[in-house]
Amino acid sequence: MVLTESATVTSKSMINIPATIRKKYGIKEGDEVAFLETGQGPMLIRVPPLKEMFGSGHDYRDKLVQVVRELEAEHRQKARAE
């Protein structure tokens, strides 16, 4: 991991994301970011808007449908047994 930029936390617990980082990762005004806890400390990630994620699961559609059908069959089987 390479430390390329830094920011200072203000008295109101706010930080400014450096412009080079915003540009590199496409973070724009109004975008949501999340902080993940890791073994080395917090990590900032951009949360993509829902409209950007539209269609992202297309490659997994058939597998997801299969798994849902298997779960439904399993639930029906358990219900009959009871």
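Please treat every number below as a calculation from the coordinates, not as lab data. Keep in mind the model is a prediction, meaning the values are calculated, not measured. Here the Cβ positions follow ideal geometry from the backbone for every residue, glycine too, while neighbour counts run over all protein chains shown.
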Signed unit charges on C-beta, dipole axis of the chain, positive-most listed residue Val68, Ala34, Thr20: Thr20
Candidate lysines for bridging to Lys24, where Cα separation is under 24 Å - those fewer than 8 sequence places away on the same chain excluded: Lys51
If the cut-off is 16 Å between C-alpha atoms, which aspartates and glutamates fall inside it for Lys78, apart from same-chain ones fewer than 8 positions away? Glu70
About its Cα centre, the chain carries a charge dipole, from +1 on Lys and Arg Cβ atoms and -1 on Asp and Glu Cβ atoms, whose size in debye to the nearest 20 is 160 debye
Plugging the Kirkwood radius over Cα pairs into Stokes-Einstein for the chain, at a temperature of 37 °C and a viscosity of 0.692 mPa s, what D comes out in µm²/s? 191 µm²/s
Okay, helix-only estimate at 222 nm for the chain: each DSSP H run of n ≥ 4 adds -39500 (n - 2.57), divide by all residues, round to 500 deg cm²/dmol; what do you get? -11500 deg cm²/dmol
Mean shadow area of region 1-47, taken as a quarter of the surface of its Cα convex hull (nm²): 3.9 nm²
Order by protection proxy (mean Cβ within 10 Å, highest first), peptides 7-14, 63-70: 63-70, 7-14
